[in-house]
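Data block below; observations after.
The values are calculated or read from the model by the stated rules, or taken from the named source; none is laboratory data. In this text, all values refer to a predicted model and were calculated from it rather than measured experimentally. Note: ideal-geometry Cβ built from the backbone for every residue, glycine included; neighbour counts use all protein chains shown. Remember, those area values only see protein heavy atoms, side chains included, never the ligands or the DNA or RNA. Shrake-Rupley method; radii C 1.70, N 1.55, O 1.52, S 1.80 Å.
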Amino acid sequence: MTTAREPLPVEELEKYYTTLSNWGRWGKDDRRGTVNLITPEVRLAGVQSVRTGQAFSLARDLSPADPDPLHSGLSGIELTGHVGEVERDLGHKTRWDACGETIRIDPHGGNAHLDGFAHYSWEERNYNGFPAADNTAEQGAAHLSVADAAEGFVTRGVLLDIAGLFGVDHVERGYAIRPEDLLAAEKRQRVTVRAGDALLIHTGNAAAILADGPLYRGDSRGPLDGVQTGLDASCLPFLRERDVAVMGADGTHDVQPPVYDDFVYARPIHTVCLVTLGLWLLDNLHLTDLAAACEREQRWEFLFTAAPWRFVGSTSAPMNPVAVL
């Protein structure tokens with residue numbers, strides 16, 4: 001492995017906004033994107049992939065004491081508890097009591113979360129041509145929010161273990177994964193990514209950060225300065241050709257720091273997937289335990305389940321996806 005790999009030329013990347021587009025594929029007013037690929041037949045195929053019944057959570061605990069475990073610089077979690085306040089306020093004494101809490105959370109960042117289509121725009125447009133200017137601080141995402149994935153993602157999941165492909169616990173941070181790596185992982189694992197699948201990319205990135213701490217480019221500490229492995233932009237045609245329905249990674253999907261000097265192209269995987277493909281993304285998953293189980297069982301397909309909150313206007317949702325082997 002080496003980080004010194006030439007990135008996809010910018011002029012080729014620019015073409016993807018047209019050649020890979022799913023705009024209009026499911027209607028001019030479509031807001032669901034690739035979740036349309038999860039048909040009843042695809043869901044049944046996911047159920048039929050279960051062999052042992054082992055279940056694996058693909059998220060980590062949300063904790064106010066550790067709101068940003070992967071050092072994204074974006075997360076915030078606050079919890080305020082209320083213990084018996086109503087009864088005390090009313091002057092009642094009862095044999096029962098109850099407690100509750102108020103929670104504030106910034107879902108984007110170092111915890112497992114779903115990115116909705118309004119999260120990114122390109123040339124002032126979101127997925128399917130909806131105007132990005134309609135998204136405001138007051139009402140949030142006017143047209144495209146995580147509520148549009150209300151049916152959730154119940155489908156066949158496939159984990160491509162890039163760390164396993166290279167025989168390491170974690171891929172060298174800053175390594176740009178290419179299509180040939182994805183194809184080599186398929187061949188090694190004797191599995192093929194199909195239409196409607198949930199594709200999970202295991203690199204060991206999150207485990208490396210949790211064990212050894214983050215790496216940064218120079219003295220900067222911004223969200224784009226952490227050094228992480230991720231997909232090179234040349235992988236985008238693979239995702240479109242295979243008709244992936246949702247993609248998850250134990251990082252932010254895009255290799256970091258950005259391989260392009262121009263900030264405009266800093267996150268091509270996020271931008272092309274969310275805007276052009278209408279492909280839902282799950283960032284910062286916990287894939288270590290699932291990857292180990294897949295290696296033991298020599299099976300890398302499973303039932304994948306994930307359901308976002310139906311929060312109208314939100315560009316993201318905290319998630320606890322579950323894989324059943």
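Of all residues assigned to the range 282-291, at least one qualifies as being over 13 Å from the mean Cα position of the chain (by Cα) and either among the hydrophobic types (A, V, I, L, M, F, W, C) or under 20 Å from Ala132 (Cβ atoms) (or both). Looking across the range 185-224 at every residue that is in contact with a Phe, Trp or Tyr (Cβ under 6 Å, 6 or more places away or on another chain) and outside any loop (DSSP other than H, G, I, E, B), the one that is surrounded by the fewest Cβ atoms within 10 Å (Cβ to Cβ) is identified as Gln189. Among the residues making up the range 143-176, those that are assigned to a loop (DSSP other than H, G, I, E, B), over 25 Å from Tyr265 (Cα atoms) and either basic (Lys, Arg) or open to solvent by less than 60 Å² (accessible area, probe 1.4 Å) (or both) are Ala150, Gly152, Val168.
When the range 64-83 is filtered for residues that are touching a strand residue (DSSP E or B) at 6+ places or on another chain (Cβ under 7 Å) and free of Cβ contacts under 8 Å to residues at least 24 places away in the same chain, the ones remaining, listed by number, are Pro64, Thr80, Gly81, His82, Val83.
Taking the condition of being in a helix (DSSP H, G or I) and either touching a residue at least 40 places away in the same chain (Cβ under 8 Å) or within 22 Å of the chain's Cα centre (by Cα) (or both), how many residues in the range 20-51 meet it? Steps first, please.
The first filter runs over the range 20-51 and keeps only residues in a helix (DSSP H, G or I), leaving 33-37, 40-48.
With the extra rule that they be either touching a residue at least 40 places away in the same chain (Cβ under 8 Å) or within 22 Å of the chain's Cα centre (by Cα) (or both), the set shrinks to 33-37, 42-43, 45-47.
So the count comes out to 10.
Checking Glu78, Glu87 one by one, the residue that is modelled with pLDDT under 95, among the acidic types (Asp, Glu), more than 18 Å from Leu231 (Cβ to Cβ) and open to solvent by 70 Å² or more (accessible area, probe 1.4 Å) is Glu78 and no other.
Please verify whether Ser49 is touching a Lys or Arg at 6+ places or on another chain (Cβ under 7 Å) and either surrounded by 12 or more Cβ atoms within 10 Å (Cβ to Cβ) or of a type in the set (Asp, Glu) (or both), treating the condition exactly as stated. The answer is yes for Ser49. Residue count for the range 90-115, restricted to those that are modelled with pLDDT under 85, acidic (Asp, Glu) and under 30 Å from His71 (Cα atoms): 1. Among all positions in the range 252-267, there is at least one residue which is within 14 Å of the chain's Cα centre (by Cα) and charged (D, E, K, R). Screening Asp115 with (1) open to solvent by 20 Å² or more (accessible area, probe 1.4 Å); (2) under 30 Å from Asp29 (Cβ atoms); (3) charged (D, E, K, R) gives one miss only, at (1). Would you tally the residues in the range 251-298 being in a helix (DSSP H, G or I), open to solvent by 10 Å² or more (accessible area, probe 1.4 Å), closer than 21 Å to Asp161 by Cα and in contact (Cβ under 8 Å) with a residue 40 or more places away in the chain? So the answer is 4.
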